[in-house]
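The structure under discussion appears below in the form of structure tokens.
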Amino acid sequence: MRNVHKKSIYLLFLIVSFAFLSMKNKEVEIIIDSQMTFEEATKETKAPKEVLDSMILLDIKYYSFDHKIHSGQILINKSVKRDIQEIFKRILDEKFPINKAIPISKYNWSDDASMEDNNTSAFNYRNIAGTNRLSNHSFGRAIDINPQINPVLHKDGTISPSNGKYEISKTGTFSQNNFVVKEFLERGWRWGGNFSQYKDNHHFDKTN
């Protein structure tokens, strides 16, 4: 009887230990949104070699709208690497939701497709919409965050992306008092929500 009792206690210990380890693994489970190589993240870009040489592919972690930790990637200029790392560390700590962060090569370099998918991205060698001037995204010195819920608001009433909707009260959106906006501004970045010709609410860039 004593041996049976010991076996029962041991079995119970194993069950409890397994349950504890399972719960712990669930707590630290990380969902992979992007795990590209640098070559995959820059595939078929029209950017010249000197621009690509100034880029770095950063792995970042963030809470998404499913309340789980995700791992994504941002292709950014090396000169703003520290800014992005520090800001996204704060974003993770505050559990500010990021829908996903995948290099825009996945969307065949289509800014519209990336925005409509509410994807956070940085480098994209392209012109500013409606102009012949290269965007700061072309040099990895701009980033768009949660663009579908932080759309561009044009003076004629149209929005970009076309499926966008801007509600300041919704989690994951930006306003002047949002801590993410303040973190960028304190580091010398511009926020598109302060632009005069239109409100580019998802956009942050650093020109020098």
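The values are calculated or read from the model by the stated rules, or taken from the named source; none is laboratory data. As the structure is a computational prediction, the values presented were derived from the model and not from experiment. A quick note on method: Cβ atoms are made from the backbone with ideal geometry, for glycine too, and the neighbour counts reach across all protein chains shown.
Can we say Lys95 is surrounded by fewer than 19 Cβ atoms within 10 Å (Cβ to Cβ), among the basic types (Lys, Arg) and not in a loop (DSSP other than H, G, I, E, B)? Before you say what the answer is, go through the steps one by one.
Working: surrounded by fewer than 19 Cβ atoms within 10 Å (Cβ to Cβ): yes; among the basic types (Lys, Arg): yes; not in a loop (DSSP other than H, G, I, E, B): no.
No, not satisfied.
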Are there any pairs, at least 6 apart or on different chains, whose C-beta atoms fall under 6 Å, with the first in the range 32-59 and buried (at least 17 other Cβ atoms within 10 Å of the Cβ) and the second basic (Lys, Arg) and not in a helix (DSSP H, G or I), and if so, which?
Asp33/Lys100
Report whether or not Tyr107 is under 24 Å from Met36 (Cα atoms), assigned by TED's automatic domain parsing to the domain that holds Glu183, of a type in the set (Ser, Thr, Tyr) and in contact (Cβ under 8 Å) with a residue 40 or more places away in the chain.
no
Cross-chain or 6+ apart pairs with Cβ under 7 Å, the range 179-200 first and farther than 20 Å from Ser160 by Cα, then part of a loop (DSSP other than H, G, I, E, B) and of a type in the set (A, V, I, L, M, F, W, C)
Val180/Phe96; Val180/Phe174
When you check Phe18 against the structure, is it among the aromatic types (Phe, Trp, Tyr), at pLDDT below 95 and either more than 24 Å from Gln148 (Cα to Cα) or surrounded by fewer than 20 Cβ atoms within 10 Å (Cβ to Cβ) (or both), yes or no?
yes
Condition first: at pLDDT below 95 and touching a Phe, Trp or Tyr at 6+ places or on another chain (Cβ under 7 Å). Can you find one or more residues in the range 156-174 that meet it?
no
